[in-house]
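Some notes on the structure that comes next.
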Amino acid sequence: MISIFHGPNNYQSRKQLNLHIEKQPNRHTLRLNKKTIDIETINNFLNTISLLDQNNVLVLEDFFSIPTSSKRKKIEDILNKSQNQIFIWHSKKLTASQIKAFPKAQLFEFNLSNQLFSCVYSIKPGNLKTFLLSYELIKDKEPFELVLHLIKQNLRKQLTTSTPLDKNLLKKAYLNLIELDYQSKTGELSIDKSIALQRIIINLIN
C-alpha cells in the first residue's frame, strides 16, 4: 500500500504522516529524503525479510524532487510492485502527472486557508492594521502551532533574501519566535501564546 501526503500545509501533512506511521504494527521503519534516496537501498529494504517478523515501512520525503527522472522512474516501478507499506511525503501540491506515477496510491492533500495566507503575508512595514485584522480572523480557527510555523517560515525566508523589513528587527523577531515556540511547548509562558505571538509581530512592523 502506497500513501501519499502532499500540499502546502506542511504542518498538518507531517502530523498526519507521523500518525499513520505510528499506527503500523510491529514496524521496521526506513526514512529517506531526496538527498539519501537510493535505488539499491530501497530495493534491499523492501525485499529483505525481517528475522524478527517485523513489517518493513518505507518513508520517502520529497521523492518527487529527485533531479534525475530516470532514477525516479526506476524507483517508482519498485514501489508499485512492493507489498510493503510505503509513505511518500511532499512539501508541495503534486501535479496530475506526478500522481499518475502511483495509480493505486491513497492520496491525502493538505491545503492552507486563504485567510491564513493573507495573515502571514500581511507582515510588512506599516501594515499593522491589516495584520491585526487578519490575525483576529484566524487565531481561534487555525492551530497555533501551524500559525507560528508559517510565520517563522516566512521570516526565515526573508532573512535570506531581500525584504522591506528592517533586518535587525527581523532577526530579533525570528529569534523571539523560536523562544516562543520553546516556551509554548514547555509550558513556560506567562501570557497567552496567541498574545505573545501578536506582540512579536507588532514590534516588528509597527
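The values are calculated or read from the model by the stated rules, or taken from the named source; none is laboratory data. Worth saying up front: this structure is predicted, and the values here are computed from it rather than measured. Backbone-built Cβ (ideal geometry, glycine too); neighbour counts: all protein chains shown. These area figures cover heavy atoms from the full protein model, side chains too; ligands, DNA and RNA do not enter into them. Shrake-Rupley method; radii C 1.70, N 1.55, O 1.52, S 1.80 Å.
Is it true that some residue in the range 161-175 is out of contact with any strand residue (DSSP E or B) (no Cβ under 8 Å at 6 or more places or on another chain), open to solvent by less than 40 Å² (accessible area, probe 1.4 Å) and without any contact (Cβ under 8 Å) to a residue 12 or more places away in the chain? Yes, the range 161-175 contains at least one residue that is out of contact with any strand residue (DSSP E or B) (no Cβ under 8 Å at 6 or more places or on another chain), open to solvent by less than 40 Å² (accessible area, probe 1.4 Å) and without any contact (Cβ under 8 Å) to a residue 12 or more places away in the chain.
The set of residues from the range 176-197 being in contact (Cβ under 8 Å) with a residue 40 or more places away in the chain and within 15 Å of Asn154 (Cα to Cα) comprises just one member, Leu197. The helices (runs of 4 or more DSSP H) found entirely in the range 142-206 that carry 3 or more residues being among the charged types (D, E, K, R) are 144-159, 167-186.
Answer yes if at least one residue in the range 151-171 is more than 20 Å from Tyr121 (Cβ to Cβ), out of contact with any helix residue (DSSP H, G or I) (no Cβ under 7 Å at 6 or more places or on another chain) and not small (Gly, Ala, Ser), and no otherwise.
The first filter runs over the range 151-171 and keeps only residues more than 20 Å from Tyr121 (Cβ to Cβ), leaving 168.
Of the ones still in play, those that are also out of contact with any helix residue (DSSP H, G or I) (no Cβ under 7 Å at 6 or more places or on another chain) are 168.
Checking which are not small (Gly, Ala, Ser) leaves us with 168.
Yes, the range 151-171 has at least one match.
Residues that are at pLDDT 95 or above, open to solvent by 60 Å² or more (accessible area, probe 1.4 Å) and part of a strand (DSSP E or B) within the range 15-32 comprise just one, Arg31.
Criterion applied to Phe102, Phe5 was being aromatic (Phe, Trp, Tyr), touching a residue at least 60 places away in the same chain (Cβ under 8 Å), closer than 26 Å to Ile151 by Cα and outside any helix (DSSP H, G or I), and the one residue passing it is Phe5.
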